[in-house]
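**Student:** One structure coming up, written as structure tokens, with questions to follow.
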Amino acid sequence: MRLDAYLKEVGESPCAWARKHGFPLPVITRFLKGQRGVSLKTALKISSATGGRVQPQDLQVAMPITPAEATYSAPGQETSP
């Protein structure tokens, strides 16, 4: 379950939930806005705070690929023009 869906289901605002469970508000709000991911440690804490309703894999965020990453070739995988 996604964290935003969980918060809606339990009727808590991100601010109230973060405060109640000891999370810095910017960590939660930036995650919910898709502006940042969370560390594995934070993902495990969120999972615990939701009674397992939100699993660590539910907290993965697809981050945009930078132009440098889009053209990256692993060593030995370079293509010749």
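The values are calculated or read from the model by the stated rules, or taken from the named source; none is laboratory data. Being a predicted model, the structure only gives us computed values, none of them experimental. Cβ atoms come from the backbone with ideal geometry, glycine included; neighbour counts cover every protein chain shown.
**Student:** Which members of region 1-46 meet the condition of being of a type outside the set (Ser, Thr, Tyr), more than 17 Å from ASP58 (Cα to Cα) and in contact with a Leu (Cβ under 8 Å, 6 or more places away or on another chain)?
**Tutor:** Matches in region 1-46: CYS15, TRP17, ALA18, ARG19.
**Student:** At pLDDT 95 or above and either out of contact with any Phe, Trp or Tyr (no Cβ under 7 Å at 6 or more places or on another chain) or loosely packed, with under 10 Cβ neighbours inside 10 Å (or both), is that true of GLU12?
**Tutor:** yes
**Student:** For GLU69, all conditions in the list (1) modelled with pLDDT under 95; (2) surrounded by 14 or more Cβ atoms within 10 Å (Cβ to Cβ) hold save one; what is the number of the exception?
**Tutor:** Here GLU69 meets the rest and fails (2).
**Student:** In region 34-54, what count of residues is obtained for those that are basic (Lys, Arg) and over 15 Å from TYR6 (Cα atoms)?
**Tutor:** Selection size over region 34-54: 2.
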